[in-house]
Amino acid sequence: MPRKTVFFVWLLIVLMVGFSGCQSTPTPEPTMDPSVWTQTAVAAQTLEQGTQEALQTAQARLNVTPSPTLTSTPAPTRTATPTVTLTITQVPTRTSTPLPSATITNTPSPFTCRLVSQVPRDGSTIKPNTQFTVTWTVQNMGKALWENIAIDLMQLGGDKIAVQTIYDLPHTVKPGEMVNLQVELKAPEATGYYRTDWKLAIVDQGFTFCPLYVDFWVSDR
């Protein structure tokens, strides 16, 4: 028998043996216990339910609008304002040094008088254009002798209403003695107030003392 024919015969035998093996009695399928099936179904349902809840929770988290995060702003720190202390510096007061002045010694003058009486009195009323005599009685209160040849009575101020402005001393006056000094005045035509001022004077020395005056009103009434 040729080799090629033998090869095909063996191949055919092998295929037949294999086919017969496939047609043998089928192995019975394993039977699952109903309790196991129930537990498996419950576990699967539980797993599915848990999955659904997890999906809903995740979806709810995605849909929730995030609440704004409250950021606490720190309160501004109070900065203590420095207290300004005013320091008052006293400026030293300038003390003026008085200039040396001459010391005045009140040495009693040897030519001093005291008015004893006067006619007419100050403030009298005289009619216009009336000539009248004013008499001053004075006392020599000094230590000097009033010599009539050296001392005169002179008008030194006031209204020019005297008949004459210089008179001789009537007589020499010793210390403590009195003398009547008289002048002639003429009231002006115009009414009003008038006054004249007089002094005793040592003319050649330019020295005056014993001031006297008289004032009066000129009126028609």
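To the nearest whole percent, what portion of all C-alpha pairs in the stretch 150-221 is separated by more than 22 angstrom?
Values: 737 of 2556 pairs.
Distances greater than 22 Å cover 29 percent of the Cα pairs.
Please give, to one decimal in nm, the separation of the simple spin-label points placed at Asp204 and Ser117, each 7 Å out from Cα toward the Cβ.
Output for this residue pair reads 3.5 nm.
Under a 1.4 angstrom probe, counting protein chains only, how are Arg121, Arg195, Arg114 ranked by accessible area, largest first? Provide the component values of the computation, followed by the final result.
Values: Arg121 185, Arg195 80, Arg114 110 Å².
Most to least solvent-accessible, the answer reads Arg121, Arg114, Arg195.
Starting at the first residue of the stretch 137-145, write each ³J(HN,Hα) from the Karplus equation 6.51 cos²θ - 1.76 cosθ + 1.60 with θ = phi - 60°, in whole Hz, x for Gly and Pro.
9, 10, 10, 6, 9, x, 9, 8, 8
So how far apart, in nm, are the two label points at Arg221 and Met178 if each is 7 Å from Cα heading toward Cβ?
Reported label-point gap for Arg221 and Met178 is 3.4 nm.
The values are calculated or read from the model by the stated rules, or taken from the named source; none is laboratory data. Since the structure is predicted, the reported quantities are computational estimates derived from the model, not experimental observations. For neighbour counting, all protein chains shown are included, and Cβ atoms are generated from backbone atoms with ideal geometry for every residue, glycine included. We work out accessible area using only protein heavy atoms, side chains counted, and drop any ligands, DNA or RNA first. Shrake-Rupley method; radii C 1.70, N 1.55, O 1.52, S 1.80 Å.
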